[in-house]
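Inspection log for the structure reproduced underneath, given as structure tokens.
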Amino acid sequence: MTYVLINIPFLLLAAAVTLATVRLPRFRERMGASLAGAVVLVILTAIFDNVIIGTGLVAYDEEHRSGILIGLAPIEDFAYAIAAAFLVPAVHTLMTARRPRREQTS
């Protein structure tokens, strides 16, 4: 199994949960914030992944990588940062969305 295949369920989950918030208020603003967060997370991932790979703390099997690298880091490593940037705000939005109150009967 390749690292790309391992990433697919995480990316699909992030996309599905994010799409579940489309009709909730301020979707555009959340997507803008998620995109900005994703950019920051990708930059930080590039820096720290290159450090930990360069120092030998982490190594990746060649046969499981796509071969596309950013420095020493395989591109697959960035999927988790991108998924988190969209999934975490979407989950928060779904959990805090106002739901209509049920009328109480006496």
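The values are calculated or read from the model by the stated rules, or taken from the named source; none is laboratory data. Not measured: the values here are computed from a predicted model. Every residue, glycine as well, gets a Cβ built from its backbone with ideal geometry; the counts of neighbours run over all protein chains shown. Note: accessible area is taken over every heavy atom of the protein model, side chains too, but ligands, DNA and RNA are not part of it. Shrake-Rupley method; radii C 1.70, N 1.55, O 1.52, S 1.80 Å.
Determine whether the range 18-32 contains at least one residue that is farther than 14 Å from Thr93 by Cβ and not in a loop (DSSP other than H, G, I, E, B).
No, that holds for no residue.
Which condition number does Arg98 fail, the rest of (1) open to solvent by 70 Å² or more (accessible area, probe 1.4 Å); (2) in contact with a Lys or Arg (Cβ under 8 Å, 6 or more places away or on another chain); (3) of a type in the set (D, E, K, R) being met?
Only one criterion is unmet by Arg98, namely (2).
Checking Ser66 against (1) surrounded by 11 or more Cβ atoms within 10 Å (Cβ to Cβ); (2) part of a helix (DSSP H, G or I), only one condition comes out false. Which one?
Exception for Ser66: condition (2).
Suppose we filter the range 72-93 for residues that are open to solvent by less than 80 Å² (accessible area, probe 1.4 Å) and within 23 Å of Met1 (Cα to Cα); how many remain?
Selection size over the range 72-93: 11.
Can you work out which of the residues in the range 48-63 that are in a loop (DSSP other than H, G, I, E, B) and β-branched (Val, Ile, Thr) is least open to solvent (accessible area, probe 1.4 Å)?
For the range 48-63, the residue satisfying everything is Val58.
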